[in-house]
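Peer 1: Dumping the structure here so I can ask a few things about it.
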Amino acid sequence: MDPQYITPFIKSIQNVFTTMLRMPVTINAPTIKKDKSATYDVSGIIGMSGDVVGSVVLSFSKDTAQKLVNAFCGMDLPSDSPDFADAVGELVNMISGSAKGMFDDKNVSISCPSVVIGPGHHINTRSDTPCICIPCSTEQGELSIEIAIREAVAAEGTGSSQRAA
């Protein structure tokens with residue numbers, strides 16, 4: 001994966017956490033994720049399409065997600081509340097939307113977020129796209145942002161400008 005696609009997410013998560021949650025986030029050493037198991041129990045997922053395709057996952061333990069959602073919303077939201085899932089989705093949406101804006105000269109769209117809550121869930125990404133896992137630390141706990149994106153390529157042999165996902 002091109003490193004130019006990682007930096008926008010690092011900048012974006014730092015900005016969103018500083019402005020929206022009023023807390024710093026420490027970025028730890030990225031790794032290549034080898035399995036499909038979610039890193040934690042709560043995952044907000046965004047798809048990307050256009051000149052860049054793939055997915056972005058923001059993953060937290062349930063306890064960390066609870067604390068961050070409460071800080072984000074300014075109130076206690078139980079994890080079984082639909083508003084809890086909406087808040088997790090909005091966090092990954094803001095991070096992905098801000099990062100996409102830093103992809104200079106690229107036409108990129110993001111999907112509506114999906115949120116999965118529960119232990120042991122799997123997130124399947126394209127087998128031809130490596131997933132970079134960036135562990136992060138906050139005063140409220142650990143989380144990760146997992147980026148599995150790549151540049152879209154023109155469909156081979158068609159002579160068209162159609163994009164292949």
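Peer 1: Can you give me the relative contact order of segment 20-61 as a percent, contacts being Cα pairs under 8 Å and 6 or more apart?
Peer 2: That works out to 33 percent.
Peer 1: Continuing with the same structure: Using Cα-only point scatterers and the Debye equation, what is log10 of I(q)/I(0) for segment 1-157 at each q in 0.13, 0.14 Å⁻¹, rounded to two decimals?
Peer 2: -0.55, -0.64
Peer 1: On to the next question. Over the chain, average the accessible area per residue using a 1.4 Å probe and give it in Å², no decimals.
Peer 2: Value returned for the chain: 49 Å² of accessible area per residue.
Peer 1: Continuing with this model, one more query. Measure off, as a whole percent, the carbon and sulfur share of the 1.4 Å-probe accessible area of the chain, all protein chains present.
Peer 2: 50 percent
Peer 1: Still on this structure, please answer the following. Beta carbons within 10 angstrom, averaged per residue: use that to sort the peptides 64-74, 118-128, 21-31, 143-153, highest first.
Peer 2: Top of the packing list down: 143-153, 64-74, 21-31, 118-128.
Peer 1: For a test of the definition: using alpha carbon positions, the gyration tensor, and the 1.5 limit on a/c, classify segment 21-68 as rounded, prolate or oblate.
Peer 2: Note, shape of segment 21-68 comes out prolate.
Peer 1: Could you tell me how far the Cα centroid of segment 106-126 sits from the Cα centroid of segment 1-50, in Å?
Peer 2: What the calculation gives is 12 Å, centre to centre.
Peer 1: To the nearest 500 deg cm²/dmol, what mean residue ellipticity at 222 nm is calculated for the chain from DSSP H runs of n ≥ 4 alone, each contributing -39,500 (n - 2.57), summed and divided by the residues?
Peer 2: My calculation for the chain gives -9000 deg cm²/dmol from helical runs alone.
The values are calculated or read from the model by the stated rules, or taken from the named source; none is laboratory data. What you are looking at is a predicted structure, and each value in this text was computed from that prediction instead of being measured. All Cβ positions, even for glycine, are placed from backbone atoms using ideal geometry, and neighbour counts span all protein chains on display. Surface accessibility is based on the protein's heavy atoms, side chains included, excluding ligands, DNA and RNA. Shrake-Rupley method; radii C 1.70, N 1.55, O 1.52, S 1.80 Å.
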